[in-house]
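This report refers to the structure that appears directly beneath it.
The values are calculated or read from the model by the stated rules, or taken from the named source; none is laboratory data. In this text the structure is predicted, and so the values were computed from the model without any measurement. Cβ atoms come from the backbone with ideal geometry, glycine included; neighbour counts cover every protein chain shown.
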Amino acid sequence: MTVLTVAAALTALLLLGATAGPALLGRLAPALSARPTWGMALWASSAVLWVLGLLSVGPLLAWTVAGPGLPGAAGTVCRRCLTAANPFASVPGWTTQVLPTYLLLLVPAAVTIGLLGYAAVRLIAYRRELRRQLRTLAAVAELRQVQGTSAWVVPSAERTAYALPRRRDGIVVTQGALDGLDDDQIAAVLAHERAHVRGRHHAVIGVLQIFAGLFAPVPLVAAAPAAVAGYAEMAADDAARSARGTRALAGALLALHRPGTSGPPPALALHAARHQPLSRAQRLVAAAPSPPRGGVAVVAAYLVAMAGAVLLVSVPYLSVAVTASC
């Protein structure tokens, strides 16, 4: 197998995943609704591996190019490092004059730096918004123990509960929800929100939103945050059902989200109202179909192939960087 064969296969995988990936994962949705953590893992890993695969194309092709390199000693070291990292047999360059070798490494490096910079900007804005929301809660709400769980209680007649990305004081519930739900339903709601915080669902969705912000034209990457958020709600529902039972959770879902009883959640909140509570209540009592074996096999093969391609490219470069063998 030559470098160009691997590059062609990786390009085909990228095109397949970008275009057909959402439809294929969508076909698995009925079965994955019974295994929401698997749904989260499949969508998240597909999007992340797609981005890593795209960034791997340039370094992979750099092993085949004998075009212009960097001048002087830096160029000599760069060429020596490329030769040391190449896990394939010696391959003649397919271009000698047109495509600079360093460009194939510079472009993915620039994209990676841009991705990290965008992530830093988003993180700063995220933390600023979180501080603002916590100041607002401190001004209008009371932090107290509700059935043994520390929660902000907002004096509002709306029936609302949501989770913020805080380990100790990230659960918010309105007085209207506490008054309108019975004890078992309140316990189910709190268990649902604790599952969000414990599972770090905010962090997973936030990372995918960063990827989607830079790769919005790619359907697979663009659809991943919303798909993972939906499965996160199902996973939190399952945790609440295990803690308090199906009846309590289904009753809480329907009671919280009757028309006119719930206001819009804050921007950073993971909030059940975003994800059709009626269909989620029906999911709790419906039998999930078996996953289609063909679809599962295709998705598994795709993820293994993408992971293999990324490792094939990244491991030799990392090995050379760590050992300084060039």
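Of note:
- For region 30-48, a residue qualifies if it is surrounded by fewer than 17 Cβ atoms within 10 Å (Cβ to Cβ) and either of a type in the set (S, T, N, Q) or in contact (Cβ under 8 Å) with a residue 24 or more places away in the chain (or both), and the qualifying residues are Pro30, Thr37, Ser45.
- If the condition is being part of a helix (DSSP H, G or I) and either buried (at least 22 other Cβ atoms within 10 Å of the Cβ) or among the charged types (D, E, K, R) (or both), then region 167-185 contributes Ala177, Asp179, Asp183, Asp184, Gln185.
- Just one residue in the set Val140, Val98, Val172 is out of contact with any Phe, Trp or Tyr (no Cβ under 7 Å at 6 or more places or on another chain) and modelled with pLDDT of 90 or more; that residue is Val140.
- Verdict on Val189 being part of a helix (DSSP H, G or I) and touching a Leu at 6+ places or on another chain (Cβ under 9 Å): yes
- A Cβ distance below 8 Å, combined with a sequence gap of six or more or placement on separate chains, defines the contacts here; from region 233-261, residues that are at positive phi reach residues that are among the small types (Gly, Ala, Ser) and at pLDDT 90 or above in the pairs Gly245/Ala188.
- Within region 105-127, tally of residues that are at pLDDT 95 or above and among the basic types (Lys, Arg): 0
Rundown of residues vs (1) at pLDDT 90 or above; (2) assigned to a loop (DSSP other than H, G, I, E, B); (3) of a type in the set (Lys, Arg), yes/no style:
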| site | (1), (2), (3) |
| --- | --- |
| Gly263 | no, yes, no |
| Leu268 | no, yes, no |
| Arg280 | no, no, yes |
| Arg283 | no, no, yes |
| Val296 | no, no, no |
| Val304 | yes, no, no |
| Ala307 | yes, no, no |
| Ser319 | no, no, no |
| Cys326 | no, yes, no |
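- Qualifying residue in region 169-176 (condition: over 15 Å from Ser150 (Cβ atoms), in contact (Cβ under 8 Å) with a residue 40 or more places away in the chain and touching a helix residue (DSSP H, G or I) at 6+ places or on another chain (Cβ under 6 Å)): no
- Qualifying residue in region 66-78 (condition: among the aliphatic types (A, V, I, L, M), out of contact with any Gly (no Cβ under 8 Å at 6 or more places or on another chain) and either surrounded by 17 or more Cβ atoms within 10 Å (Cβ to Cβ) or modelled with pLDDT of 90 or more (or both)): no
- Pick from region 192-233, criterion over 15 Å from the mean Cα position of the chain (by Cα) and assigned to a helix (DSSP H, G or I), ranking: surrounded by the fewest Cβ atoms within 10 Å (Cβ to Cβ): Arg198
- Among the residues listed as Leu25, Leu61, the single one being modelled with pLDDT of 75 or more, surrounded by 18 or more Cβ atoms within 10 Å (Cβ to Cβ) and closer than 30 Å to Asp238 by Cβ: Leu25
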